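Engineer: Let me give you the structure first, and then I'll get to my questions.
No lab work stands behind these numbers, since they all come straight from the coordinates. These figures come from a predicted structure and were not determined experimentally. Virtual Cβ from ideal backbone geometry, glycine too; neighbours counted across all protein chains shown.
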Amino acid sequence: MRKFPLLLFALALLSAAPSPLSILKPVISDMEDGPAVPPTFTFVPGQIIFLSYEVTGYKISDEQKIHLSYKMDALDPKGVRLMETDANVLDTTLAEEDKNWKPKMRQQILIPPLAPSGNYKIAIQVSDDLNKTATASQELKFEVRGRDVEPSGELAIRNFHFYRGEDDREPLATAAYKPGDTLWARFDIVGYRFGEHNSVDVDYGIAVLAPSGKVLFAQEKAAEEKSYSFYPKPYVPGSMNLSLQNTIRPGQYAIAITVRDHTGNQTCEAKGAFTVE
């Protein structure tokens, strides 16, 4: 008979125990306050991800105040952060009718324009500043379909291809042009060294070579990339175009690209052959 009231007392204590700090209903969306994207959804570089979630189990002070700190990191497949840690504080006073209210946190992630493909991760952490021992964390995953360029341990030119038009997606299977055509070429620069704040300092020159190897045209600095970013650029895209004169003779010509990495004191060259028919 004595155990029965003790059991009731233990049950009462359990029912009165506060719920732990928790993250509820995390949503990854491709629009603000939009529905969650399906598990098969793929984001693309340059897109904005909208993150939202609710928090419950926080402590309320005698003055009906709550004070939460929350932060978020977005990481690429190698664990590199896409952006600086997004850290915020929620400091507010609850009204009587807010006793069942759950704060909703909203944060945004910009996927870097040159982000590679792979499985990415969002790491969320919430701390209750009125209850120093209360923290909650959760990880979410999302997929990005980017343009992947093979890396290099030293300065290199990748994917040097010729195109018929400026906006063509597929390169020419056979780089053949006629007099009067405009030649388009694109390539990627990898293996450069980063400076402070992931700065990049590269430039490239171009030269047009006749079938004999003679230089018909040269531009020492056709373009340069001097920039910095929080997320390290995995590659630098390059491009060029050349108007072929109507009087150009048929034969096999070449484009020579010379790239200079001023931070790493590196130089590399690549050539691409094309035919004038």
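Engineer: Hey, which lysines would be in cross-link range of Lys78, C-alpha to C-alpha under 19 Å, not counting anything within fewer than 8 residues on its own chain?
Structural biologist: Excluding near neighbours in sequence, the set is Lys121, Lys141, Lys233.
Engineer: Students often forget the sequence filter, so: which lysines lie under 23 Å Cα-Cα from Lys178 once same-chain residues fewer than 8 apart are removed?
Structural biologist: Counting by Cα, and skipping residues close in sequence, Lys178 has these lysines nearby: Lys214, Lys271.
Engineer: Please work out the FRET efficiency for the pair Lys102 and Glu32, using the Cβ-Cβ distance as r and a Förster radius of 25 Å; give the result to the nearest 0.05.
Structural biologist: After rounding to 0.05, the efficiency reads 0.85.
Engineer: Still on this model: Kindly put Ile28, Ile189 in sequence by how many other C-beta atoms sit within 10 Å of each C-beta, fewest to most. List each step's numbers first, then the result.
Structural biologist: Details: Ile28 19, Ile189 27.
Ordered by Cβ neighbours within 10 Å, fewest first: Ile28, Ile189.
Engineer: Distance in nm between label sites at Ser199 and Leu110, each 7 Å beyond Cα in the beta-carbon direction?
Structural biologist: 2.0 nm
Engineer: What do you get when you divide the Cα radius of gyration of the range 156-276 by 2.2 N^0.38 Å, with N the number of residues? The partial results should precede the final answer.
Structural biologist: Details: Rg = 15.5 Å, N = 121, 2.2 N^0.38 = 13.6 Å.
For the range 156-276, the normalised Cα radius of gyration comes out at 1.14.
Engineer: Give the separation of the Cα centroids, the range 229-277 to the range 41-59, in Å.
Structural biologist: 41 Å
Engineer: Evaluate E = 1/(1 + (r/R0)^6) for His161 and Ser137, where r is the Cβ-Cβ distance and R0 equals 30 Å; express this FRET efficiency to the nearest 0.05.
Structural biologist: Numbers: r = 45 Å, r/R0 = 1.51.
After rounding, the FRET efficiency stands at 0.10.
Engineer: With the radius of gyration and the Kirkwood radius both derived from the Cα set of the range 19-144, what is their ratio Rg to Rh?
Structural biologist: My calculation puts Rg/Rh at 1.02.
Engineer: Separate question: Can you tell me the FRET efficiency between Gln266 and Ala210 if r is taken as the Cβ-Cβ distance and R0 is 30 Å, rounded to the nearest 0.05?
Structural biologist: Numbers: r = 28 Å, r/R0 = 0.95.
Step by step, r from the Cβ atoms, then E = 0.60.
Engineer: Would you calculate, for the chain, the mean residue ellipticity at 222 nm contributed by helices, counting each DSSP H stretch of 4 or more residues as -39,500 (n - 2.57) and dividing by all residues, to the nearest 500? All intermediate terms of the calculation are to be shown ahead of the outcome.
Structural biologist: Details: 1 runs with 14 residues, N = 277.
Value at 222 nm, helices only, nearest 500: -1500 deg cm²/dmol.
Engineer: Okay, moving on. Using 0.36 nm times the number of residues separating Asp168 and Gln245, minus their current alpha carbon distance, what extension gain do you get?
Structural biologist: Values: separation 77, 0.36 × 77 = 27.72 nm, distance 2.20 nm.
Difference between extended and current length: 25.5 nm.
Engineer: Which semi-axis lengths, in whole Å and largest first, follow from the square roots of five times the eigenvalues of the Cα gyration tensor of the chain? It would help to have the intermediate numbers written out before the result.
Structural biologist: Values: eigenvalues 730, 66, 44 Å².
Semi-axes from the Cα gyration tensor: 60, 18, 15 Å.
Engineer: What is the angle, in °, between the Cα long axis of helix 3-16 and the longest principal axis of the Cα atoms in the chain? Nearest 10 is fine, range 0 to 90.
Structural biologist: 40 degrees
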